[in-house]
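A short worksheet on the structure shown next.
The values are calculated or read from the model by the stated rules, or taken from the named source; none is laboratory data. No experiment lies behind these values; they were computed from the predicted model shown. Cβ sites come from the backbone with ideal geometry, for glycine too, and all protein chains shown count toward neighbours. Side chains are part of the model used for accessible areas, which takes the heavy atoms of the whole protein and leaves out ligands, DNA and RNA. Shrake-Rupley method; radii C 1.70, N 1.55, O 1.52, S 1.80 Å.
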Amino acid sequence: MLDVENLEVFHGPIEAVHGISFAVAEGQCVALLGPNGAGKTSTISAITGIAKATGSIALSGVDLTPLPVESRMRKGIAVSPEGRRVFANLSVEENLRLGGAQQKNDLADRIAEWFDTFPILGERRNQLAGTLSGGEQQMLAIARALMANPRILLLDEPSLGLAPKIVTQIFTMIGALKEKGMTILLVEQNATQALRLSDYVYLLNNGRIVAEGTAETLGTNDALMAELTGLT
Ligand code: ATP
């Protein structure tokens with residue numbers, strides 16, 4: 001599904017990611033874990049086409065690298081960015097309508113589907129997004145990304161700044177999406193929760209992949225686990 005090879009990401013003269021390779025197979029949830037400044041957001045920005053990058057990024061064998069941001073979205077990439085950005089002065093439902101603006105077919109049905117899957121959003125459909133709690137805003141940001149009917153969902157630190165109980169709710173939501181068959185690339189500092197639902201995990205540090213494996217194999221590496229759980 002998503003194949004990234006030898007990715008280097010640049011912010012002006014600064015190289016933030018130094019030639020990483022990773023893959024996400026259809027229906028999998030793959031986590032990219034790492035501390036602040038590891039290069040997680042830079043990697044997401046390179047996949048969406050926002051950041052300047054070299055190397056190859058392919059979705060189901062189609063090379064995305066020559067394509068601008070909008071074309072990558074049309075090919076099936078959607079992102080819920082860091083910082084749960086929602087349109088504060090629009091209602092929950094209006095936020096979802098905007099998320100589905102590129103794909104007007106069955107808009108009402110798809111909104112109803114996400115309200116069904118995430119009842120908290122349905123209960124608050126007419127509430128202004130800016131008045132939602134942090135966790136509800138995060139749910140809305142994810143649901144809005146899903147309104148584009150993506151083939152792969154990129155989640156940039158969905159747990160950031162949320163209380164532990166709310167983080168658990170957000171990860172339950174992500175688990176529900178996985179159950180529905182969604183392919184997910186999850187970027188996180190919260191290793192404990194991310195390991196629980198990921199099929200495969202890459203650990204990023206200083207722009208390089210320093211470890212990878214299934215949650216089970218990484219779980220048997222005590223030193224690594226201490227380092228990973230120390231991130232949260
Ligand atoms: P965080 O969890 O803090 O968001 P991260 O793993 O997502 O961390 P990035 O945001 O990708 O890390 O940052 C990787 C490196 O690139 C850092 O050294 C950061 O300072 C640098 N960087 C990121 N964005 C820019 C930018 N727009 N201009 C210059 N340097 C940047």
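A few comments on the model shown:
- Among SER56, SER159, the order of accessible area from largest down is SER56, SER159, computed with a 1.4 Å probe on protein heavy atoms.
- Total lysine pairs under 23 Å (Cα atoms) in the chain, excluding pairs fewer than 8 apart on one chain: 9
- Computed over segment 86-149, the ratio Rg/Rh where both radii use C-alpha atoms and Rh is Kirkwood: 0.92
- Within the chain, helix-based [θ] at 222 nm, where runs of 4 or more DSSP H residues each add -39,500 (n - 2.57), nearest 500: -10500 deg cm²/dmol
- Looking at segment 86-149, the accessible area is 49 square angstrom per residue; that uses a 1.4 Å probe and ignores ligands, DNA and RNA.
- Carbon and sulfur %, accessible surface of the chain computed with the full protein complex present, 1.4 Å: 50
- Placing +1 on each Lys and Arg Cβ and -1 on each Asp and Glu Cβ, with no other charges, gives segment 86-149 a dipole about its Cα centre of roughly 180 debye.
- Percentage, to the nearest whole number, of Cα pairs in the chain over 31 Å apart: 19
- Candidate residues ASP116, ASP199, ASP63: accessible-area rank, largest first, probe 1.4 Å: ASP116, ASP63, ASP199
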